[in-house]
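K.L.:
Sharing a structure here in structure tokens format.
Read-outs throughout are calculated quantities, based only on the coordinates presented, and are distinct from any laboratory measurement. Please read all numbers here as calculations on a predicted model, not as lab measurements. Glycine gets a Cβ as well: all are built from the backbone with ideal geometry, and neighbour counts include every protein chain shown.
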Amino acid sequence: MQRTEDGMIVISCDFTGEDWDEVQPMIEGHQGSIISLKALDLAIDHASEQTEKFTCTMCLRHFAAGERAWKPDPLPANANPKAVICWDCIRQADRSFARDEDTDWDRKIAPDDRWS
Ligand SMILES: [Zn+2]
């Protein structure tokens, strides 16, 4: 997500609330949504079937209850209170970070037919 502070645009992770320090890898989704590598790591380890319908912060798709996703719990103070990432976006980010030569990241989710 973004906010303006002293006329400057500050980019921060929707899921951890941490401002981008120009070092920590982050990936942008729709409408300025952002997930940091640190948040992705948590998302992969803690994604679970959601008990309620939700809209993914990253891709804006709507999902029914029972779909796998992750939202920060507890929610960090500066995070987006509606932050939730669907399993597809988690997989896509996992692959994208692994392909980025500037990012020290090995895929945590095994490739399959869809996410090779
Ligand atoms: Zn998504």
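K.L.:
Would you confirm whether or not the range 3-11 contains a residue that is buried (at least 20 other Cβ atoms within 10 Å of the Cβ) and not in a loop (DSSP other than H, G, I, E, B)? Outline the logic, then answer.
P.N.:
Taking the range 3-11 and keeping what is buried (at least 20 other Cβ atoms within 10 Å of the Cβ), we get none.
No.
K.L.:
Which residue pairs have Cβ atoms closer than 7 Å, lie 6 or more positions apart in sequence or on different chains, and pair a first residue in the range 27-40 that is free of Cβ contacts under 8 Å to residues at least 40 places away in the same chain and on the phi > 0 side of the Ramachandran plot with a second residue that is more than 12 Å from the ligand (Cβ to nearest atom) and among the aliphatic types (A, V, I, L, M)?
P.N.:
Note: pairs meeting the criteria are Gly32/Met1.
K.L.:
Among the residues of the range 63-101, write down those that are within 16 Å of the ligand (Cβ to nearest atom), part of a loop (DSSP other than H, G, I, E, B) and either of a type outside the set (A, V, I, L, M) or surrounded by 14 or more Cβ atoms within 10 Å (Cβ to Cβ) (or both).
P.N.:
Gly66, Glu67, Lys71, Pro72, Asn80, Lys82, Ala83, Val84, listed by residue number.
K.L.:
Could you grab the pairs with beta carbons closer than 6 Å, sequence gap of 6+ or different chains, first residue in the range 47-58 and part of a strand (DSSP E or B), second one within 12 Å of the ligand (Cβ to nearest atom)?
P.N.:
Matching pairs, first to second residue: Glu49/Arg68; Phe54/Phe63; Phe54/Val84; Thr55/His62.
K.L.:
Which number in (1) crowded, with 18+ Cβ neighbours inside 10 Å; (2) under 11 Å from the mean Cα position of the chain (by Cα) marks the one condition that Lys38 misses?
P.N.:
So the condition that Lys38 fails would be (1).
K.L.:
Now for a separate question. Out of Asp21, Asp41, Asp6, I need the residue that is of a type outside the set (A, V, I, L, M, F, W, C), more than 16 Å from the ligand (Cβ to nearest atom) and over 18 Å from Phe97 (Cα atoms). Which one?
P.N.:
Details: Asp21 fails: over 18 Å from Phe97 (Cα atoms); Asp41 fails: over 18 Å from Phe97 (Cα atoms).
One residue alone meets the criteria, Asp6.
K.L.:
Tell me, which residue of the range 49-62 that is under 20 Å from Pro74 (Cβ atoms), surrounded by 12 or more Cβ atoms within 10 Å (Cβ to Cβ) and polar (S, T, N, Q) is farthest from the ligand (Cβ to nearest atom)?
P.N.:
Gln50
K.L.:
Restricting to the range 24-75, count the residues that are among the charged types (D, E, K, R) and over 27 Å from Thr4 (Cα atoms).
P.N.:
The total comes to 7.
K.L.:
Additional query: Output yes when any residue across the range 27-46 is farther than 16 Å from Ala93 by Cβ and in a loop (DSSP other than H, G, I, E, B), and no when none is.
P.N.:
no
K.L.:
Picking from Asp112, Asp21, which residue would you name as being over 21 Å from Met1 (Cβ atoms), out of contact with any Phe, Trp or Tyr (no Cβ under 6 Å at 6 or more places or on another chain) and not in a helix (DSSP H, G or I)? Please lay out each step first, then the result.
P.N.:
On the way: Asp21 fails: over 21 Å from Met1 (Cβ atoms).
Of the residues listed, the single one that is over 21 Å from Met1 (Cβ atoms), out of contact with any Phe, Trp or Tyr (no Cβ under 6 Å at 6 or more places or on another chain) and not in a helix (DSSP H, G or I) is Asp112.
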